[in-house]
Number of protein chains: 2
Amino acid sequence: MKKIYGIGTGPGDPELLTLKAVRKINEADVIFAPNNKGKNIALDTASEFVKDKKIVFLDFPMGRVTEETYKENARIIESSVGEGEVGAFLTIGDPTYYSTFINMMKYFEKDSIVEIISGIPSFVGAAGRAFAPLAFTGEEFSVVDEIPLENPLADSLAILKTFKLEEKDLDRLEEFGFEYQYIKRASHPDEAILTDKKEILKEKDYISLILARRKK
Amino acid sequence: MKKIYGIGTGPGDPELLTLKAVRKINEADVIFAPNNKGKNIALDTASEFVKDKKIVFLDFPMGRVTEETYKENARIIESSVGEGEVGAFLTIGDPTYYSTFINMMKYFEKDSIVEIISGIPSFVGAAGRAFAPLAFTGEEFSVVDEIPLENPLADSLAILKTFKLEEKDLDRLEEFGFEYQYIKRASHPDEAILTDKKEILKEKDYISLILARRKK
């Protein structure tokens, strides 16, 4: 029997780890994290708790990830965790949206015990830092990984993966009637909140995002 | 100078408190929580950390909350926190959506230092427990506090405040082409995951929710 945890490490401030995430990381025999040139933000966030652990980096080459990639990495995880051992895959934010973990899940062996340990989503951390309400009573808020092509029904939007952002995308958001702010690395030491369009378009950071709200 | 923290306590498992939430609760001189007949789920979640604290319950009578209610409770918070002291308002999930805290925020005095401490949203906790992906790459997921009247654009929905749920709402969700599950008190000892429509309609729990996903 092997245990495999998918652990959300939150937006980046190590203090935004949950008590459960810390306990489960402590339990782990092997730590897994997506490889970003030998670095990883989730791993940095949890650095205090993983320093004496065996760490295995997994490759998810950006733009070239296929089902085979997920299958192969699930196999690497299971072959790196011995019988009776615990493996913990770390992911920024939470594992249930836009994460490699939810894509790998179906490839784990049936007799592995898989558990998801929730993390603070990046957009929730950003909303808190910017005092930006995501939803008041009766409102809909939506999370997307690019600015929609059609005017969304939502009153409020969290737009992730903004490193792909172009001027025409922000124009469209304005045409739809949204005000927006760019929250750069919420909860990190170099956090910044930008509202100037030109400034926003200069940024190409992976873990930054836009919070937009429909003007009344 | 007074400090006022709005702290998200997450879905209910005390271990899903963040390290920061625990530290900020420890710092607090006075703890505030919405009054539900002298009880409160956020307070229960944090019970281990608030037991020696002064606790003030605030009234937000369901269905009769007005701007005056928020203003009056903001005033009660500030008059209960002395100069140089810290007050912590606890809220289930996270303070930035459907919470009383985001409605009170604008009524705090300008010289009070207000900070939001993010919590795990109930829908994120529920998705983790149910292994229900909220969003894959390219998808939109939406959070609403009732089942929409029109077919939403989102691929995935988290529907909160399901205590108002009626059969016609679930019918509508099916007509829109969604599969759904009801997650009762995710992360609590009495957690349950229901998929049977009749069973779901028997439940009137405040902190339970529906996760729905568009059938492919």
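The values are calculated or read from the model by the stated rules, or taken from the named source; none is laboratory data. Keep in mind that what you see is a predicted model, and the values were worked out from it rather than measured. Virtual Cβ from ideal backbone geometry, glycine too; neighbours counted across all protein chains shown.
Here are a few things to note about the model shown:
- Candidate set from segment B:89-105 (those that are out of contact with any strand residue (DSSP E or B) (no Cβ under 6 Å at 6 or more places or on another chain) and among the hydrophobic types (A, V, I, L, M, F, W, C)); member that is farthest from the other protein chains (Cβ to nearest Cβ): B:92
- Subset of segment B:87-107 that is over 30 Å from residue B:214 (Cα atoms) and hydrophobic (A, V, I, L, M, F, W, C) - its residue that is surrounded by the most Cβ atoms within 10 Å (Cβ to Cβ): B:90
- Of the residues A:174, A:203, the single one that is farther than 23 Å from residue A:150 by Cα, surrounded by 13 or more Cβ atoms within 10 Å (Cβ to Cβ) and either modelled with pLDDT under 95 or charged (D, E, K, R) (or both) is A:203.
- Condition check for residue B:30 on (1) surrounded by 15 or more Cβ atoms within 10 Å (Cβ to Cβ); (2) within 26 Å of residue B:161 (Cα to Cα): one failure, at (2).
- From the list A:111, A:145, A:59, the lone residue that is under 16 Å from the mean Cα position of the chain (by Cα) and acidic (Asp, Glu) is A:145.
- Failed condition for residue B:152, given (1) outside any strand (DSSP E or B); (2) over 20 Å from the mean Cα position of the chain (by Cα); (3) surrounded by fewer than 20 Cβ atoms within 10 Å (Cβ to Cβ); (4) within 14 Å of another protein chain (Cβ to nearest Cβ): (3)
- Condition broken by residue B:149, with the remaining ones in (1) at pLDDT 95 or above; (2) under 30 Å from residue B:175 (Cβ atoms) satisfied: (1)
- Positions within segment B:160-179 being in contact with an Asp or Glu (Cβ under 7 Å, 6 or more places away or on another chain) and in a strand (DSSP E or B), in sequence order: none
- Candidate set: segment A:29-44, residues that are over 18 Å from residue A:94 (Cα atoms) and at pLDDT 95 or above; chosen: the one farthest from the chain's Cα centre (by Cα): A:29
- Residue in segment B:108-128 that is in contact with a Phe, Trp or Tyr (Cβ under 7 Å, 6 or more places away or on another chain), surrounded by fewer than 15 Cβ atoms within 10 Å (Cβ to Cβ) and modelled with pLDDT under 95 present: no
- Check on residue B:67, surrounded by fewer than 16 Cβ atoms within 10 Å (Cβ to Cβ) and in contact with a Phe, Trp or Tyr (Cβ under 9 Å, 6 or more places away or on another chain): yes
- Strands (runs of 3 or more DSSP E) lying entirely in segment B:1-88 (those with 2 or more residues that are in contact with a Lys or Arg (Cβ under 9 Å, 6 or more places away or on another chain) and either within 14 Å of another protein chain (Cβ to nearest Cβ) or without any contact (Cβ under 8 Å) to a residue 60 or more places away in the chain (or both)): B:2-8, B:30-34
- Taken over segment A:106-149, the criterion of being assigned to a helix (DSSP H, G or I) and within 7 Å of another protein chain (Cβ to nearest Cβ) is satisfied by A:124, A:125, A:127, A:128.
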